[in-house]
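Asker: Here's a structure for you.
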Amino acid sequence: MQAGTGNDVMTGATPASAPASAPAPAPTPAAAPGGPGGAVRWPVAAAMLLLALLPLVAAPVLPLIDFYNHIGRFQVLATLADNPLFAANYAPAWAVLPNILLDVIAVAALQIVPLAVLPHLLAALILSVLFGGILALNRAITGQARWPALLLALPLLYSWILNWGFAGFLLGLGLGLLGAAWWLGQRGRPVRRLGLALVLAAAIFFCHALAFGLYGILIASLEVGHWWQQRPRKLAVLAGGLAQCAVQAAVPAFLFLQSRTAAAADGVSNADESLARLRAQGLLMDRLAELAVQRVETIIRVAEGPSYPADALWLALLLGLLALAFRRRALLLSPMVAVAAAAAIMLVLVMPPALFGSGYVSDRMPLFLALVLVAGIMPGPGRLPVLLPGLAALAGARLLMVAVQWHGTAADLADFDAVVQALPPGQVVAGLPVRATPHEDMPGRCEMYPPLLLVRHGHATPLFAIRTAQPLALRGRLAAAHDELAARPPGPGARNHSEQLVAAYARAGYPYLLLCQVAADRPLPQTPYPMVAQAGRFRLLRLAPEQ
């Protein structure tokens, strides 16, 4: 692959698999009609990204499980000094934390952009960085950013992890891909290479510690992959490259060990304690089977769409098309990513569910594996005329389905606003998705609405305030209610669990409770508490007598 011409704006990098001192390899033959060898130009890539952001434009509320809880925290931190209700129920807890960069960005952004714009703006930023990282790494590995990589990247933007709302992790993952692309592309300039890499490594660490760990695994694996292709192989060269990778970890490792995150109550992972407890209860095999089923779902739904069956069918069609392309050698996987892909596969198989108090860690590994594989895709000598049209059709269909599904939040939002209008101003209020599973499909998802009590209507509501993860603490009436509920939760196996949950919220001291119905076959509970308002899936209960 040779340096690109003025027509190939995204070309021009010598593939990282070539030694820095070696002559450039022979040019790749021009792509045959219908072949995937053509490079993607930057203006075209930008236009494709704008099309990929269509679901964000279509959704008045982004149906991302944890996302608006973070948005609520950003709002509180930005306006605490000027809002007596927030000041009475929240306290800033700024500290050196691995997950703090998005808080800093969002709080600064709220000084110049309206709150109503912030969720979509942050989501667009995260998806843009992730998309750019995929193409940049594909270019660094293969010499040009290729159409198959671009088309495969589009559905991966709307991943199982995005639907979780893990915003800081995804931003860090995108920066990690950009960092890996820089690391490969600057091999012949060691000082400049390491200088910017140190800055990027710090930024990734402050986005999310797990993203930083994956970045380290990625660049170290790419170093090994590059070294393996050299002739002759010199161990000193490999040792030098890995040493430069390790240098990037020095400051983040020191900061992490000094942070509250390193002192999480469960340590690195509580997997050993959980396994011992389940073994003593005779439930170990049942739990392991449940975890295996969940892990398979995270693989099949790595690019999440409307439902499990639809996602399984879409993935089967995609894998069938890719298998045909690889069989006919229309596509190849760069040997550069072999070690990184093997490492990612191991992470998919063995990663525990939680690390340092951060949950659903194993859910994130299939996305990392998919991104590594997509970044390593390159054209082969064979031809498959249906490849690009097929990939475009699958990506386009997925984006359209997501956009239509997300647009459905408009009706829910209108019902939500109508119900919440019945609340007196300045309340402490909680929200409860009734009988929700941890990762509900749309349109049944409810988790984004309780934080909107704060974001859209200015009420105080429980937010993530984990000392080892977020720069926010609860205080006052909200903290007392939160702590009381945590101290005396109802038993999860009770037949009338929803009714008991409502009673627990009342006992904790919440004066109001917003219920959200997840599905028609999971009705809202019958309780003795008066209903203040009801619309669609929402019901507002008064749990305490009016003052």
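Values in this text are rule-based calculations from the coordinates and carry no lab data. The shown structure was predicted, so the numbers you read here are calculated from the model rather than taken from an experiment. Here Cβ is always computed from backbone atoms with ideal geometry, including for glycine, and neighbour counts include all displayed protein chains.
Asker: Could you run the Karplus curve 6.51 cos²θ - 1.76 cosθ + 1.60 with θ = phi - 60° over segment 525-530 and give me ³J(HN,Hα) per residue in whole Hz, x for Gly and Pro?
Answerer: Karplus-based 3J(HN,Hα) across segment 525-530 equals x, 8, 9, x, 7, x Hz.
Asker: Next up: Where in segment 202-225 does the label zone of Leu194 land, with the point 7 angstrom along Cα→C-beta and an amide N cut-off under 16 Å?
Answerer: Counting only backbone N, you get 202, 220.
Asker: Here's a follow-up. Expressed in nm to one decimal, what extension gain is obtained for the pair Ala479 and Ala519 from 0.36 nm per residue of sequence separation less their Cα-Cα distance?
Answerer: Here the segment from Ala479 to Ala519 would lengthen by 11.4 nm.
Asker: Amide H of Gly143 versus every other amide H placed in the peptide plane: which residues, excluding those fewer than 5 positions away on the same chain, fall under 5 Å?
Answerer: Close amide H contacts, sequence-distant or interchain: Ala16.
Asker: Return a whole-number percent for the relative contact order of segment 294-411, with Cα pairs under 8 Å and 6 or more residues apart as the contact set.
Answerer: For segment 294-411, the relative contact order is 34 percent.
Asker: Let me ask you something else. Taking every eigenvalue of the Cα gyration tensor of segment 160-240, multiplying by 5 and rooting it, what semi-axes result, largest first, whole Å?
Answerer: 27, 14, 9
Asker: According to the Kirkwood expression over distinct Cα-Cα pairs, how big is the hydrodynamic radius of segment 102-245, in Å?
Answerer: Final number for the Kirkwood radius of segment 102-245 is 16.3 Å.
Asker: Where does the chain land at 222 nm, in deg cm²/dmol rounded to the nearest 500, when only DSSP H runs of n ≥ 4 count, each adding -39500 (n - 2.57), divided by all residues?
Answerer: So the calculated ellipticity at 222 nm is -18000 deg cm²/dmol.
Asker: In debye to the nearest 20, how big a dipole does the chain give about its Cα centre with +1 on each Lys and Arg Cβ and -1 on each Asp and Glu Cβ?
Answerer: The calculation lands at about 1420 debye.
Asker: In whole Hz, with x marking every Gly and Pro, tabulate ³J(HN,Hα) for segment 248-253 from phi via Karplus 6.51 cos²θ - 1.76 cosθ + 1.60, θ = phi - 60°.
Answerer: Rounded to whole hertz, the list is 5, 8, 4, 5, x, 5.
Asker: Considering segment 100-176, what Rg and Dmax in Å follow from its alpha-carbon atoms?
Answerer: Computed over the Cα atoms of segment 100-176, radius of gyration and Dmax are 14.0, 42 Å.
Asker: Which residues among segment 37-71 fall inside the zone where the amide N is under 20 Å from a point 7 Å beyond the Cα of Gln111, along Cα→Cβ?
Answerer: Answer for segment 37-71: 71.
Asker: List the Cys residues of the chain that have no partner Cys with a C-beta closer than 4.7 Å.
Answerer: Cys207, Cys245
Asker: Can you give the relative contact order of segment 459-529 as a percent, counting alpha carbon pairs under 8 Å and 6+ residues apart?
Answerer: 23 percent
Asker: Roughly speaking, what is the stretch gain from Ala486 to Ala243, that is 0.36 nm per residue apart minus the C-alpha to C-alpha distance, in nm to one decimal?
Answerer: 82.9 nm
Asker: Follow-up question, since we're still on this one. Check which residues have an amide H placed less than 5 Å from Gly426's amide H, if you skip close sequence neighbours.
Answerer: Hits under the 5 Å cutoff: none.
Asker: Please list, ordered by chain and number, the residues whose modelled amide H lies under 5 Å from the amide H of Val532; skip anything fewer than 5 residues away on the same chain.
Answerer: When sequence neighbours closer than 5 places are left aside, the close amide H contacts are Leu540, Leu541, Arg542.
Asker: Over the chain, calculate the relative contact order: mean separation of alpha carbon pairs under 8 Å at least 6 apart, over the residue count, as a percent.
Answerer: 21 percent
Asker: Hey, another quick one. Taking the Cα centre as origin and putting +1 on Lys and Arg beta-carbons and -1 on Asp and Glu beta-carbons, what dipole magnitude results for segment 177-272, to the nearest 20 debye?
Answerer: Charge dipole, segment 177-272, about its Cα centre: 620 debye, nearest 20.
Asker: Pop out the ³J(HN,Hα) list for segment 397-408 in order, Karplus 6.51 cos²θ - 1.76 cosθ + 1.60 with θ = phi - 60°, rounded to Hz; leave Gly and Pro as x.
Answerer: Once rounded to whole Hz, the list reads 5, 5, 5, 5, 4, 5, 4, 5, 5, 5, 4, x.
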